[in-house]
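Peer 1: Below is one structure. I have some questions about it.
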Amino acid sequence: MIDDLLPMTNVFAIALKQKQYKTYILSDETANSTLEVVPERGGIATSWLVEGKEMFYLDAERFANADLTVRGGIPILFPICGNLPDNTYTHKGVERQLKQHGFARDLPWKATQQVTEGCAALTLVLDSSEKTLAVYPFDFQLAFTYQIKGNSLEIVQQYTNKGAEPMPFSSGLHPYFLAPDKTNLRFEIPGMQYRDQNTHEKGYFTGVFDPTLDEIDVSFDELTGLAATVTDAARGLRLTLSYNSSYGKLVFWMVKGKDFYCLEPWTAPRNALNTGEHLIYLQPGATCEMLVRMTATFF
């Protein structure tokens, strides 16, 4: 009887499995939650189970093809979010090219640190290289720590400018949330208006998006809070996405006939590297930290 009264201690572990790519599996065994992270495929988290149920969508065919960008999991956006006109930006009078969402999601990251006390956490690092300097002439280091505990996932991000001049960038995350039935999704997003990325028209948010439309791609540019919640009645799931104040925008993307919706925290809009709008200028030697947290609750 005494044992029944003792508080339950979570058991955390990290395993490494060789699938197509080396895959780290973080687990909270007590909560029956796991997170799979693939460093060499853009540092991406590909699967997050809460109470044994999958939170993320993943296009397995695209993931298996190293020549294609991944549709699924949580692609990392750096040093830009969205695309640039003609994929081109100008720095100090020199034109350079960056493809949509930048290069962090396409490059191999290195796993550097593991923690299994109090949580399961894995840190991945991406350093600038000849390949990145050719398209983005700034010396940097990114360190992302994925951490799970109970029904929550935290992504702590550190951006360091290792160069001698201020480093302009924007960053974001592009999570694909699994939703086989999108007819019963309800959204609480801290913004009254959104802007359509295709028509550039503004609309007033009512808490729902029409799943019969071929595509929805809208941006909430004036956020009034640091969390959004999605209620999926079909799954009996409430998902909360929270973020620190560095993230000034939420982008919503949905495609008809695909079992996902994306709710993406961005620090700046498309083309910020040219316009300077909400662009971060990190001073030489400085590090800035950002945080995104996801919490899944079944009801």
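Peer 1: If you filter the range 206-268 for trypsin sites (Lys or Arg not before Pro), then keep DSSP loop positions with at most 12 other Cβ within 10 Å, what is left?
Peer 2: Loop-located and lightly packed - Lys256.
Peer 1: Right, next: Which value, in Å², gives the accessible area per residue of the chain when a 1.4 Å probe is used on the protein heavy atoms?
Peer 2: 46
Peer 1: Along its three principal axes, how long is the range 1-110 when you only count alpha carbons? Whole Å, largest extent first please.
Peer 2: Sorted from largest, the Cα extents of the range 1-110 read 74, 29, 23 Å.
Peer 1: Another question about this same structure. What does the extension gain come out to for Thr9 and Val135, with contour length at 0.36 nm per residue minus their alpha carbon separation?
Peer 2: Extra length from Thr9 to Val135 when fully extended: 40.6 nm.
Peer 1: Using the 2.2 N^0.38 Å rule of thumb for compact globular proteins, work out how the chain stacks up: its C-alpha Rg over that value, please.
Peer 2: Dividing the Cα radius of gyration by 2.2 N^0.38 Å gives 1.01.
Peer 1: A further question on this structure: How big is the Kirkwood radius of the range 98-145, worked out from every pair of different alpha carbons and given in Å to one decimal?
Peer 2: Result for the range 98-145 stands at 12.1 Å.
Peer 1: A further question follows. For the range 228-299, rounded, prolate or oblate, judged on the Cα gyration tensor with a ≥ b ≥ c (square roots of eigenvalues), a/c < 1.5 rounded, else prolate if a/b > b/c?
Peer 2: Note, shape of the range 228-299 comes out oblate.
Peer 1: Let me ask something additional. Enter the per residue convex hull volume of the range 160-258, computed from alpha-carbon coordinates, in Å³ rounded to the nearest integer.
Peer 2: 131
Peer 1: Please give the calculated 222 nm ellipticity per residue for the chain, where each DSSP H segment of at least 4 residues contributes -39500 (n - 2.57) and the sum is spread over every residue; nearest 500 deg cm²/dmol?
Peer 2: -1000 deg cm²/dmol
Peer 1: Also, quick follow-up: Enumerate by residue number the GluC sites (Glu not before Pro) in the range 177-269 meeting two conditions: DSSP loop (anything except H, G, I, E, B), and at most 13 other Cβ atoms within 10 Å of the site's Cβ.
Peer 2: Counting only loop positions with at most 13 other Cβ atoms within 10 Å, the GluC sites (Glu not before Pro) in the range 177-269 are Glu201, Glu222.
Peer 1: Computing the accessible area with a 1.4 Å probe over protein heavy atoms, can you report the carbon and sulfur percentage for the chain?
Peer 2: 49
Peer 1: I've got another one for you. Give the Rg/Rh ratio for the range 44-171, taking Rg as the radius of gyration of the Cα atoms and Rh as the Kirkwood radius, to two decimals.
Peer 2: Expressed as Rg/Rh, it is 1.00.
Peer 1: Return the Rg/Rh value of the range 204-259, two decimal places, where both radii are evaluated on C-alpha atoms and Rh is the Kirkwood radius.
Peer 2: My calculation of the ratio gives 0.97.
Peer 1: May I pose another question? Would you mind giving the average projected area, over all directions, of the Cα convex hull of the range 23-76 in nm² with one decimal?
Peer 2: 3.5
The values are calculated or read from the model by the stated rules, or taken from the named source; none is laboratory data. Quick caveat: nothing in here was measured; it's all calculated off a predicted structure. Counting neighbours? That spans all protein chains shown, and the Cβs are built from the backbone with ideal geometry, glycine included. These area figures cover heavy atoms from the full protein model, side chains too; ligands, DNA and RNA do not enter into them. Shrake-Rupley method; radii C 1.70, N 1.55, O 1.52, S 1.80 Å.
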